[in-house]
Structures are given as structure tokens and as C-alpha cells.
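Have a look at the structure below before the remarks.
The values are calculated or read from the model by the stated rules, or taken from the named source; none is laboratory data. Computed from a predicted model, the values in this text were never measured in an experiment. For accessibility, only protein heavy atoms count, side chains too; no ligands or nucleic acids. Shrake-Rupley method; radii C 1.70, N 1.55, O 1.52, S 1.80 Å.
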Amino acid sequence: FAALDLQSIPQLPWPVAWGVESIEGHGAARTWLDIQNGKPIGMTMDLALARAHTTWRSPQTADLNLHEVQGRIEAVWDINAWHLGGQNFRFSLPDGAAWPSSNWTVSSVANESSTPRIRLDLDHADLTLAAKVMHSIPVAESIHKAVVQWMPIGQLREFELDWASAASYQARGKAMKL
């Protein structure tokens with residue numbers, strides 16, 4: 001356990017699959033790190049940051065800049081899977097657009113012979129704001145193109161997505177003001 005008053009987040013061995021080069025944050029954080037056989041396999045962070053800046057390994061992905069980041073982030077990873085979740089997580093963008101407090105998880109599981117399966121669970125999502133954030137997250141080029149083409153607007157509530165491929169997925173939830 002560590003309680004930190006941050007000027008910057010220490011360099012951590014971010015899983016390669018996440019594409020994180022570095023994260024800088026200014027504010028307060030409490031961190032728990034899970035260690036197995038001498039290696040980090042998980043982390044929990046309670047955040048109250050005035051601002052956070054993420055730089056990605058891919059030079060094609062714009063840096064992610066967030067303000068007023070608050071909530072809990074939990075992450076677990078191993079060689080074939082990862083899980084990232086937020087509890088009571090909220091933030092705003094530099095332009096003032098605000099993501100209200102929400103709970104969410106995203107996970108990926110794969111084995112050597114299969115394409116990763118992605119699972120996403122959200123209790124709330126503002127699609128317009130999510131599209132803005134997507135420009136600063138390292139996802140497949142096909143996803144970036146789809147966001148630009150569709151220009152999503154509206155709200156999702158109690159949303160669940162299981163994704164194996166463009167031809168194999170299942171989604172359910174409530175959509176408003178699409």
C-alpha cells in the first residue's frame with residue numbers, strides 16, 4: 001500500500017498490450033500493488049487528480065489529457081488476459097466536457113491460437129464524449145475509422161458487449177437520444 005501526493009506517477013512496467021509509455025498525474029493517489037512470484041500482476045488505485053496525462057507507445061495515437069480525475073481504477077494482467085475497471089470513476093476533458101461518475105470494466109482473454117475476446121460492461125456512457133476520448137486511446141485503426149464514420153451521439157445505460165470479431169459479437173443495454 002502507498003499513499004502519494006503526486007507530481008508524477010512513478011514509471012511502472014505497464015503491460016505491453018495496454019500500449020502505455022508513461023502516465024503523469026498531479027493530485028493524490030492511494031495504490032495497492034499485487035505481486036506474484038516477484039512480478040506485479042495487478043494494481044488498485046484510488047485517484048483524486050487535478051490532471052492526468054498518458055503518453056502511448058504508438059506515435060500515431062494522440063496523448064490522453066484528462067482533468068479532475070476521480071475514482072478507483074483496478075487492473076489485473078497475465079500473459080493471455082487483462083482486466084481494467086473503474087468504480088465511481090469520473091473525469092473531464094480539457095474543453096470542459098465531463099464524464100459523470102460511472103462504473104465500468106473492460107477485459108480481454110486470448111490463447112496462442114485465438115483472437116482476443118473483449119468484454120465491456122458500462123453502467124453509463126456518453127457516446128459523444130467517448131468518441132472524443134477514443135481519438136486518444138490506442139485501439140485498432142478500424143475502430144478509429146468507424147468512430148469517425150458513425151460520429152456517435154447519445155447515451156448508453158447498463159451496456160454489455162462481448163466481442164470476438166466484427167462478425168461475432170453480442171451487445172445489450174439501453175440506448176437513449178441516438
At 1.306 mPa s and 10 °C, Stokes D of segment 39-108 from Kirkwood alpha-carbon radius, µm² per second:
119 µm²/s
Whole-number value, in Å³ per residue, for the convex hull of the alpha carbons of segment 24-178 is 132 Å³
Eligible lysines near K145 by straight Cα distance, threshold 16 Å, same-chain separation 8 or greater
K132
Where does the chain land at 222 nm, in deg cm²/dmol rounded to the nearest 500, when only DSSP H runs of n ≥ 4 count, each adding -39500 (n - 2.57), divided by all residues?
-3000 deg cm²/dmol
Could you look at the chain and say what percent of its accessible area is carbon and sulfur, using a 1.4 Å probe and all protein chains?
57 percent
Under a 1.4 angstrom probe, counting protein chains only, how are K174, K39 ranked by accessible area, largest first?
K39, K174
Segment 21-71 shape via C-alpha gyration tensor axes, a/c threshold 1.5:
oblate
Against the 2.2 N^0.38 Å rule of thumb, the C-alpha Rg of segment 89-168 sits at a ratio of 1.18
Heavy-atom accessible area per residue of segment 15-164, all protein chains kept, 1.4 Å probe, expressed in Å², is 57 Å²
Which of M134, M45, M151 ends up with the largest GNM mean-square fluctuation for the chain, with Cα atoms connected below 10 Å?
M151
Ignoring ligands and nucleic acids, what accessible area does F159 show with a 1.4 Å probe (Å², nearest 10)?
40 Å²
